[in-house]
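Trainee: This is the structure I want to talk about, given as structure tokens.
The values are calculated or read from the model by the stated rules, or taken from the named source; none is laboratory data. What you see is a predicted model; the values in this text were computed from it and never measured. Here the Cβ positions follow ideal geometry from the backbone for every residue, glycine too, while neighbour counts run over all protein chains shown. When the accessible area is computed, the model is the full protein with side chains, heavy atoms only, and any ligands, DNA or RNA have been set aside. Shrake-Rupley method; radii C 1.70, N 1.55, O 1.52, S 1.80 Å.
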Amino acid sequence: MMRSPLLRPSLHHFLSLRLLGTAAPKAVERLAADALPVALNFEDPSAFRVKSFGELLRALGVFQLCSVPVLVNNCGKLMSVARTLLGKRGFALFLRPSVYAQFVAGESEGEITHSMEKMSSLGLRPMLAVPIEEDLGESTGERRYNDNLASMLECVDMSHSNAWSKDPMMQLKITALLSPELCPISFPGLQESENTHFLCGLQRLNKVGEASANKVRVLVDAEYTYMNPALSLVTMAMMKKFNQDGAWIWNTYQCYLKESRSLLLEDVRLSISESFCLGVKLVRGAYMDKERKLANSEGCSEPVHESWEHTNDSYNGSLDILLELISRDPQRYRIIVATHNEESVRRAVQRMGELGIDKDGGSVCFGQLLGMCDHVSLTLAQQGYLVYKSVPYGSVDNTLPYLVRRAQENRTVLQGIRKERDLLRLELHRRLRQGLRQGS
């Protein structure tokens with residue numbers, strides 16, 4: 001299902017629309033001159049002084065493993081073999097203090113609360129994620145989807161009822177509540193059973209929307225290109241219903257896709273014409289290898305940009321659009337700059353200063369994965385910016401498929417964590433030297 005190119009205005013034409021104004025207010029210009037941010041220093045290991053000695057050792061060990069391509073590329077098979085050899089209990093005992101503890105908040109509410117309180121004490125905010133994975137051919141029936149709904153509603157309640165964050169967020173996968181088979185829309189009509197399931201799926205999504213409205217911001221994940229048009233359609237419908245007075249439902253835009261900026265502009269225009277607030281999660285994207293393989297197997301042109309540089313240009317261009325809109329109407333538009341890329345973070349901070357956007361006003365925040373990119377997250381938080389960490393939770397068995405897929409999708413990120421590993425090592429050496437001096 002393709003969106004009509006007639007709905008995709010050029011950036012120059014769109015930003016010149018009278019609806020968006022023609023010039024930044026003079027008050028904002030004056031603020032910008034005086035509010036340029038202090039340069040962010042992501043090379044300083046002192047950001048890790050808040051971590052315990054054990055946390056430093058664990059992170060170093062896990063990142064060392066993650067920097068070995070053969071381990072990352074085959075982690076699913078290796079974990080399956082380890083589980084067979086060690087048994088369920090032995091495998092859990094092996095994984096819990098290492099990879100699981102690095103990337104997962106815990107299983108019980110007590111464990112999760114402890115992790116979230118620690119995060120809050122560091123100035124970071126949690127964005128809870130129920131680790132549910134489902135793709136074409138993996139649908140499991142209404143009972144499973146209803147169980148997923150119960151988990152999502154529990155996530156809403158957990159996000160709202162605790163004092164971890166003043167403005168809580170959570171992540172939502174639509175295919176956790178609605179069969180992926182219905183999302184690649186290429187059919188003239190639905191069969192009766194499909195109609196029934198589709199209605200049940202929409203009812204489940206509506207329950208999440210009703211439970212979270214005015215309490216928890218729900219960030220809907222983007223998935224594969226063959227599902228995204230349907231997912232975006234449902235998400236826009238939820239925005240129309242629940243985003244009248246604020247951005248409670250958010251959509252995700254994958255900037256490695258060639259059409260991402262056009263889709264973003266189209267949805268901005270739709271939010272104006274339909275009078276709802278727009279929440280945007282801006283990511284580069286994690287399914288590049290699969291998208292390319294799928295396009296090649298079907299003889300189609302690849303939907304992703306040809307190079308990393310083109311993806312960066314796409315991300316930064318979309319970022320500029322949203323920041324410009326936010327500077328004009330911070331109540332109508334919100335963005336989470338979800339990236340581990342230091343240059344994009346610096347660009348966002350610089351533009352916020354130039355446009356006079358408050359760092360703690362709530363309209364702009366930053367996001368990274370739990371257990372990764374802490375040198376960026378902690379530095380931003382220490383400078384007063386709003387930072388969320390994507391926080392999966394659940395048992396080892398329930399989170400394992402999530403961890404494996406994230407490792408495979410983010411292999412370039414995992415293999416490029418040399419800088420964070422080096423900073424952790426510097427902080428570890430500093431503490432060892434300090435301990436030796438104190439002991440002598």
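Trainee: Tally up the residues in region 213-234 that are open to solvent by 20 Å² or more (accessible area, probe 1.4 Å) and of a type in the set (Gly, Ala, Ser), please.
Mentor: 1
Trainee: When you scan region 185-204, do you find a residue that is touching an Asp or Glu at 6+ places or on another chain (Cβ under 8 Å) and of a type in the set (Phe, Trp, Tyr), even just one?
Mentor: No, every residue in region 185-204 fails to be touching an Asp or Glu at 6+ places or on another chain (Cβ under 8 Å) and of a type in the set (Phe, Trp, Tyr).
Trainee: Hey, another quick one. Taking region 181-195 as the search range and keeping residues that are open to solvent by 80 Å² or more (accessible area, probe 1.4 Å) and part of a loop (DSSP other than H, G, I, E, B), which one is modelled with the lowest pLDDT?
Mentor: Filtering first and then ranking leaves Ser186.
Trainee: Give the residue that is surrounded by the most Cβ atoms within 10 Å (Cβ to Cβ), with candidates limited to residues of region 346-372 that are among the basic types (Lys, Arg) and part of a helix (DSSP H, G or I).
Mentor: Here is the first cut: in region 346-372, the ones among the basic types (Lys, Arg) are 346-347, 351, 359.
Still in the running and part of a helix (DSSP H, G or I): 346-347, 351.
Details: Arg346: 15, Arg347: 19, Arg351: 21.
Of everything passing the filter in region 346-372, Arg351 is surrounded by the most Cβ atoms within 10 Å (Cβ to Cβ).
Trainee: Filter the helices (runs of 4 or more DSSP H) completely within region 35-113 down to those with at least 2 residues that are open to solvent by 80 Å² or more (accessible area, probe 1.4 Å) and out of contact with any helix residue (DSSP H, G or I) (no Cβ under 9 Å at 6 or more places or on another chain).
Mentor: Numbers: elements: 53-66, 69-73, 75-95.
Once the helices (runs of 4 or more DSSP H) in region 35-113 are filtered for at least 2 residues that are open to solvent by 80 Å² or more (accessible area, probe 1.4 Å) and out of contact with any helix residue (DSSP H, G or I) (no Cβ under 9 Å at 6 or more places or on another chain), what remains is 75-95.
Trainee: So, of the residues in region 300-345 that are without any contact (Cβ under 8 Å) to a residue 24 or more places away in the chain and polar (S, T, N, Q), which turns out to be surrounded by the most Cβ atoms within 10 Å (Cβ to Cβ)?
Mentor: Here the residue is Ser307.
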